[in-house]
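Engineer: Starting off with a structure, shown below.
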Amino acid sequence: NVQNIILLLYKYRTQKELKIGQIDTFNLPTKKIVIKVMRLESIKVPAGKFDAYLLESDTGGYRFWLSAAKDRLPLKLQGFSHLGSTALVLAGIE
């Protein structure tokens, strides 16, 4: 059961395969959200350069990049919250 945007990351991290064009619908407590796997692209974050899947929401302006590697590390998250536009990026791996 996905209750928030952060749990979406876990859902996609544990999925064996992501397919370009894949669409998933989630009923969060405050709204319904549709996530689409947009494309595979190269992304650079402080932790390095990675091949990553870009996923976008139909509402809320959520975008997140997960590494294309088996571990599907969350590399970058963008979205809007009550604080305004926010972004999180992976700074390092220990």
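The values are calculated or read from the model by the stated rules, or taken from the named source; none is laboratory data. Keep in mind the model is a prediction, meaning the values are calculated, not measured. Methodologically, a virtual Cβ is constructed for each residue, glycine included, from the backbone with ideal geometry; neighbour enumeration extends over all protein chains shown. Each accessible area value is taken on the protein alone, full model and side chains, heavy atoms only, with ligands, DNA and RNA left out. Shrake-Rupley method; radii C 1.70, N 1.55, O 1.52, S 1.80 Å.
Engineer: Can you work out the accessible area per residue across the stretch 34-78, with the rest of the protein chains kept in place, probe 1.4 Å, in square angstrom? Before the final figure, lay out the partial values.
Structural biologist: Values: 2210 Å² over 45 residues.
Accessible area per residue, the stretch 34-78: 49 Å².
Engineer: Averaging sequence separations of C-alpha pairs under 8 Å and six or more residues apart, then dividing by the length of the chain, give the relative contact order as a whole percent.
Structural biologist: Values: 173 pairs, mean separation 17.9, N = 94.
That works out to 19 percent.
Engineer: Separation between the Val34 and Arg13 pseudo-spin-labels, each 7 Å from Cα along Cα→Cβ, expressed in nm?
Structural biologist: My value for the distance between the label points is 2.8 nm.
Engineer: Further, regarding this structure: Sorted by accessible area (1.4 Å probe), largest first, how do Asp71, Asp58 line up?
Structural biologist: Numbers: Asp71 75, Asp58 95 Å².
Descending order: Asp58, Asp71.
Engineer: Counting only protein heavy atoms and a 1.4 Å probe, tell me what percentage of the chain's accessible area is made up of carbon and sulfur. Don't skip to the answer; put the middle values down first.
Structural biologist: Details: 3230 of 6020 Å².
Percent of accessible area from carbon and sulfur atoms in the chain: 54.
Engineer: Greater than 20 Å separation of Cα atoms is the criterion. Which listed pairs, Lys11/Lys31; Lys16/Lys44; Lys19/Lys70; Lys31/Lys70, meet it?
Structural biologist: Working: Lys11/Lys31 18 Å; Lys16/Lys44 24 Å; Lys19/Lys70 14 Å; Lys31/Lys70 30 Å.
Table pairs above 20 Å Cα-Cα are Lys16/Lys44; Lys31/Lys70.
Engineer: Per DSSP H run of n ≥ 4, the term is -39500 (n - 2.57); total these for the chain, divide by its residue number, and report the mean residue ellipticity at 222 nm rounded to 500 deg cm²/dmol. Please report the intermediate quantities before stating the final value.
Structural biologist: On the way: 1 runs with 9 residues, N = 94.
The helix-only estimate for the chain comes to -2500 deg cm²/dmol at 222 nm.
Engineer: Just how much of Leu28 is accessible, in Å², when a 1.4 Å probe is used and the result is rounded to the nearest 10?
Structural biologist: Surface open to solvent at Leu28 totals about 20 Å².
Engineer: Hey, got the Cα dimensions of the stretch 38-94 along the principal axes, in Å, largest first?
Structural biologist: 30, 24, 16
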